[in-house]
Amino acid sequence: MEELAVGTRVEHPRYGEGIISRNKLTTYEIFFERGGKVELTKHNPDLEVLEASAQPLPKNSLTLAEIEKVLRLVLDEQGALNEVVPLGDKWVGGTMILQPANQSLKPKDIPIETFFHKIVMLRDRLRVLEQNINSHEKLTDEEKINLQQYITRIYGSLTTFNILFAEKDQYFVGAKS
């Protein structure tokens, strides 16, 4: 549900018709005909808008959706929202061996979990890049689309690594033909 302004007429199955009197960070204070003053969460699925208020939201305050977006972006950029992505069972405990063509050089063994972690971090950073492009204020829609196409091609180049993922919804997906 989008942010509602003070003065919006709403209806609730239990409390009846009411008017939003205060718009707080996570709740609305509503005066209902049958229930009096009630505070309800902004994510209340029972709240139905009857008539939106013509009064605009105050420009000096952030909506809950804007705060959530900013928090998600900051936490994601700091690596605090790292998604748990399971490695395919057949690879757990495995080793990736890089064998140089020159036989006088030693091969390099890398734990598959280390390599997998780097692939997942690459994917996460591409997603952050996508978000930053899509929300960039100065890029035109055409510029955003052009940059998005490059990212889609990058995902396509990385589909080789999908074999490492346990779940298909974690796969890299390039452009569909």
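Nothing in this text is a laboratory measurement; each read-out follows from the coordinates by a stated rule. These numbers come from a predicted model, not from an experiment. Neighbour counts are summed over all protein chains in view; Cβ atoms, including those assigned to glycine, are modelled from backbone coordinates with ideal geometry.
For the chain, restrict the atom set to alpha-carbon positions and state the Rg and Dmax in Å.
24.8, 86
Given a Förster distance of 45 angstrom, what is the FRET efficiency for ILE151 paired with ARG14, based on the Cβ-Cβ distance and rounded to 0.05?
Working: r = 47 Å, r/R0 = 1.04.
Calculated transfer efficiency: 0.45.
Among PHE115, PHE31, which comes first, second and so on when ranked by fewest other beta-carbon atoms within 10 Å? Walk me through the intermediate numbers first.
Numbers: PHE115 18, PHE31 15.
Ranking PHE115, PHE31 by Cβ neighbours within 10 Å, fewest first, gives PHE31, PHE115.
Compute the acute angle (0 to 90°) between the alpha-carbon long axis of helix 112-134 and the principal axis of greatest extent of the alpha-carbon atoms of the chain; round to the nearest 10°.
Roughly 40 degrees, rounded to the nearest 10.
Fewest Cβ neighbours within 10 Å first, please rank TYR155, TYR150 accordingly. Write out the running numbers ahead of the final one.
On the way: TYR155 18, TYR150 11.
Least crowded to most crowded, the residues run TYR150, TYR155.
How far is it, in nm, from the label point at GLU143 to the one at THR114 when both lie 7 Å from their Cα along the line to the Cβ?
Placing both labels 7 Å along Cα→Cβ, they lie 4.0 nm apart.
Over the chain, what relative contact order in percent results from Cα pairs under 8 Å that are six or more residues apart?
Values: 215 pairs, mean separation 26.1, N = 177.
Contact order relative to length: 15 percent.
Taking a cut-off of 20 Å between Cα atoms, list the lysines near LYS168, but don't count ones fewer than 8 places away on the same chain.
Filter leaves LYS90, LYS118, LYS176.
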